[in-house]
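Some notes on the structure that comes next.
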Amino acid sequence: MNLLLLGLPGSGKGTFSEHLEKEKKMLHMSTGDLFRKNIDNKTKLGLDAKKYLESGKYVPDHITIDMVKDYIKKNNYFDNLIYDGFPRTVFQAQALDDFLIENNSKLDKVIYIDIQEEIVVNRLKNRLVCSKCQSIYNKKTKAPLKEGVCDFDGEKLLTRKDDLPENIAIRLQVYKEQTSPLLDYYNERIFNVNIGDHNIEEFIKTVYDGLKI
Ligand code: AP5
């Protein structure tokens, strides 16, 4: 089964993916993480993507789609994959459906994390990310054991540039304009989880019970 996680920036896509990877042994592809790795490694793709990520705008469709197809093909990730942050435009969604059909695969379910804007703004302002393994923390709800340091590899925790308040506002606007139309596109494939301000465990239980995974 292939799953897409859809929801506002900060809705918990990355956090839930970490659980699915560990508990359900699913594979994980985060386009945000792929771009950030390319930026760190100073590849051509990273140089092209940098200005978009830092300002909270979307990387152009053709760059993103080529990167994803390449990644899936190279790793043979045609089954058991969590799509985290891709597709996020209708054009990307159509390109992915075509690509998967060509390769005898499909996107089975779309988990829509339905959450209020005020909650995600608060979460993003408090998010910390490991500079090496990308593990996700939160100063308020998921603090590391030792302040400023990753529990898993002891590396420094950082605030992402796109989590600065002015960039959060841009990301929310871009999401509304370009990603919210995906709810209509995916229509009957959507599994809607309205999480209010549930904690991480409650959210996960709702999804596992609802999808029977
Ligand atoms: P990306 O890295 O995907 O960013 P995003 O979509 O903005 O999502 P986030 O990573 O910010 O949030 P999340 O939903 O994963 O939340 P998290 O689990 O971290 O993309 C970055 C950029 O890359 C884009 O802006 C764009 O430029 C580019 N890009 C990527 N994909 C692209 C595409 N397809 N096309 C074009 N451009 C693309 O959680 C947030 C915080 O909340 C954490 O601190 C966490 O601990 C906490 N938290 C999570 N769940 C809970 C909970 N249930 N209760 C309490 N706290 C919680």
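The values are calculated or read from the model by the stated rules, or taken from the named source; none is laboratory data. Everything quoted here is computed from the prediction, not taken from an experiment. Using ideal geometry, Cβ is built from the backbone for each residue, glycine included, and neighbour counts are taken over all protein chains shown. Heavy atoms of the whole protein, side chains included, go into the accessibility calculation; ligands, DNA and RNA do not. Shrake-Rupley method; radii C 1.70, N 1.55, O 1.52, S 1.80 Å.
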Exercise. Between residues in the range 139-165 that are surrounded by 11 or more Cβ atoms within 10 Å (Cβ to Cβ) and residues that are acidic (Asp, Glu), which pairs lie under 8 Å by C-beta distance while being six or more apart or on different chains?
Worked result: PRO144/ASP151; VAL149/GLU155; LYS161/GLU54; ASP162/GLU54
Exercise. If you go through the range 75-89 one residue at a time, do you hit one that is in a helix (DSSP H, G or I) and open to solvent by less than 10 Å² (accessible area, probe 1.4 Å)?
Worked result: no
Problem set entry | Of the criteria (1) surrounded by fewer than 15 Cβ atoms within 10 Å (Cβ to Cβ); (2) touching a strand residue (DSSP E or B) at 6+ places or on another chain (Cβ under 9 Å); (3) among the basic types (Lys, Arg), which one ARG123 fails | (1)
Problem set entry | helices (runs of 4 or more DSSP H) (entirely within the range 113-188) containing at least 3 residues that are in contact with a Lys or Arg (Cβ under 8 Å, 6 or more places away or on another chain) | 165-174
Exercise. Mind checking which pairs have a first residue in the range 38-56 that is assigned to a helix (DSSP H, G or I) and surrounded by fewer than 17 Cβ atoms within 10 Å (Cβ to Cβ) and a second that is polar (S, T, N, Q) and at pLDDT below 95, Cβ under 8 Å, 6 or more apart or different chains?
Worked result: GLU54/ASN167; SER55/ASN167
Seminar exercise, completed: Of (1) touching a strand residue (DSSP E or B) at 6+ places or on another chain (Cβ under 9 Å); (2) open to solvent by 30 Å² or more (accessible area, probe 1.4 Å); (3) assigned to a helix (DSSP H, G or I), PHE203 fails just (2)
Exercise. Which numbered condition trips up CYS130, out of (1) in contact (Cβ under 8 Å) with a residue 24 or more places away in the chain; (2) surrounded by fewer than 12 Cβ atoms within 10 Å (Cβ to Cβ)?
Worked result: (2)
